[in-house]
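The values are calculated or read from the model by the stated rules, or taken from the named source; none is laboratory data. Here the structure is a predicted model, which means the values were calculated and not measured. So basically every Cβ, Gly included, is an ideal-geometry build from the backbone, and we count neighbours across all protein chains shown. Each accessible area value is taken on the protein alone, full model and side chains, heavy atoms only, with ligands, DNA and RNA left out. Shrake-Rupley method; radii C 1.70, N 1.55, O 1.52, S 1.80 Å.
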Amino acid sequence: MLTLASKTSKSRCGKDGKKHMKVNGKGVVHSPSLKRLDEDLDDHNLKELEEIFKEAARDDAGGLDMHQFRIAMKKTMKDYVDDQELDTIFMKVDTNCDGTVDWDEYLSYMLLEYQKKENMKSSEQDRPFPNPMLEKQSNHLESICRITMLTAYSRQNTTGAEIDDSSCRYLTLSKEGTFNIWSIDWVLQKSTTLESSVGKYVLLTDMVCLSNCNCVAVASTEYEISFYSLTSSLIQKKFQIIGLEHCALTMDFSFEVADQRKSILLWGDSNGCIYVMRMYEKPNICLYTSSSQPTISSLLKGNVPNVIVTKIPRVHPTWVQQVRYYVSKQVF
């Protein structure tokens with residue numbers, strides 16, 4: 001089962017004239033009356049309210065007590081709010097707790113409420129996943145070991161290759177071998193089961209996209225890394241790296257967009273080792289033309305042209321669970 005972000009419509013308030021409680025996207029509860037108090041006061045309302053406060057100041061009252069505050073707010077808001085809500089606001093405005101509120105205190109309260117709302121709007125806009133999550137049904141039987149994107153590039157020009165968003169595809173792979181190709185909008189386009197040795201119980205451990213040659217590399221418990229070519233009609237195993245000393249558990253791949261012949265494949269294994277394979281020709285050329293099944297031993301010895309493999313032994317005392325390559329201009 002996949003979990004994806006999707007668009008959703010905003011809920012609307014009821015129009016029956018009753019007071020409804022509404023929970024916004026942040027889990028903050030607002031009532032329509034409180035919303036109106038801090039959002040719908042126009043210039044006329046504010047001037048009328050200011051005059052009431054100033055009149056109290058001229059009478060040497062210093063401000064409005066709770067009862068006077070209720071009367072003033074109801075006069076301004078046309079009896080839209082009830083006493084309990086007004087008492088709550090009064091206690092918020094009365095910051096010095098002297099039992100009265102003056103115009104300056106009320107303006108400070110309104111300013112703080114405005115700033116709070118602006119901060120909430122800003123934080124909501126900055127959320128990486130502003131919409132609720134949607135469960136996407138799939139045909140995977142075991143746990144999904146990789147969800148990734150096969151990036152498509154337009155024809156290279158003087159400024160380099162550009163990503164063609166409309167041709168990009170999502171790929172998902174589960175441990176039992178179910179391999180799915182999805183559109184950019186998560187519509188299933190193709191599904192197949194990747195082949196394994198007959199009579200063996202094989203689990204797939206990881207997958208990476210080789211976007212520079214329209215292939216994927218898949219690691220398995222057979223101590224192999226298999227390379228599959230992807231076309232509109234076929235998903236075919238083209239070549240493999242066999243004879244790994246230990247099971248490859250996690251992989252990463254990167255290539256130079258400006259010179260797509262140059263790429264790097266990394267993997268970490270169940271013995272804490274990391275392998276770095278630098279290629280100076282596209283993988284479907286340098287690995288396939290040399291042999292359909294080059295061994296890791298021959299690769300380490302440099303017997304395959306345009307391929308250099310380095311083993312970094314025992315980097316970790318146990319399984320390597322994650323490897324990532326960070327682009328550096330000095331790598332090649």
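Quick notes on this one:
- Taking the range 167-184 as the range and being free of Cβ contacts under 8 Å to residues at least 40 places away in the same chain and either outside any strand (DSSP E or B) or in contact with a Cys (Cβ under 7 Å, 6 or more places away or on another chain) (or both) as the test, the residues that pass are SER167, CYS168, SER174, LYS175, GLU176, GLY177, SER183, ILE184.
- Pairs are defined by a Cβ separation below 9 Å, a sequence spacing of at least 6 or placement on different chains, a first member in the range 96-118 that is closer than 17 Å to LEU86 by Cβ, and a second member that is open to solvent by 40 Å² or more (accessible area, probe 1.4 Å) and of a type in the set (S, T, N, Q); the pairs so defined are THR100/GLN68; VAL101/THR95; GLU105/THR95; GLU105/ASN96; TYR109/THR95.
- Condition check for GLU224: modelled with pLDDT of 90 or more, under 23 Å from THR193 (Cβ atoms) and open to solvent by 20 Å² or more (accessible area, probe 1.4 Å): yes
- Against the conditions (1) of a type in the set (A, V, I, L, M, F, W, C); (2) more than 21 Å from SER254 (Cα to Cα); (3) open to solvent by less than 10 Å² (accessible area, probe 1.4 Å), ALA217 satisfies every one except (2).
- Residues in the range 50-79 that are loosely packed, with under 15 Cβ neighbours inside 10 Å and in contact with a Ser or Thr (Cβ under 6 Å, 6 or more places away or on another chain): GLY62 alone.
- Conditions (1) open to solvent by 40 Å² or more (accessible area, probe 1.4 Å); (2) touching a strand residue (DSSP E or B) at 6+ places or on another chain (Cβ under 7 Å); (3) not aliphatic (A, V, I, L, M): number failed by ASP252: (1)
- Hey, THR88 part of a helix (DSSP H, G or I), among the β-branched types (Val, Ile, Thr) and modelled with pLDDT of 75 or more or not: yes
- Residue match in the range 199-206 (condition: open to solvent by less than 10 Å² (accessible area, probe 1.4 Å), in contact with a helix residue (DSSP H, G or I) (Cβ under 9 Å, 6 or more places away or on another chain) and in a strand (DSSP E or B)): no
- Looking at VAL218, VAL187, VAL257, just one residue is under 28 Å from the mean Cα position of the chain (by Cα) and in contact (Cβ under 8 Å) with a residue 60 or more places away in the chain, and that residue is VAL257.
- When VAL320 is tested against the conditions (1) open to solvent by 40 Å² or more (accessible area, probe 1.4 Å); (2) more than 20 Å from SER229 (Cβ to Cβ), the lone failure is (1).
- Among the residues of the range 204-224, those identified as touching a Leu at 6+ places or on another chain (Cβ under 7 Å) and farther than 19 Å from ILE181 by Cα are SER220, THR221, TYR223, GLU224.
- For the range 231-248, the condition holds for at least one residue, the condition being that it is in contact with a Pro (Cβ under 9 Å, 6 or more places away or on another chain), surrounded by 13 or more Cβ atoms within 10 Å (Cβ to Cβ) and more than 17 Å from ASP269 (Cα to Cα).
- Positions within the range 94-107 being touching a Ser or Thr at 6+ places or on another chain (Cβ under 8 Å) and closer than 14 Å to HIS67 by Cα, in sequence order: ASP94
- Residue check, VAL187 in contact with a Gly (Cβ under 8 Å, 6 or more places away or on another chain), farther than 13 Å from MET149 by Cα and either surrounded by fewer than 18 Cβ atoms within 10 Å (Cβ to Cβ) or among the polar types (S, T, N, Q) (or both): no
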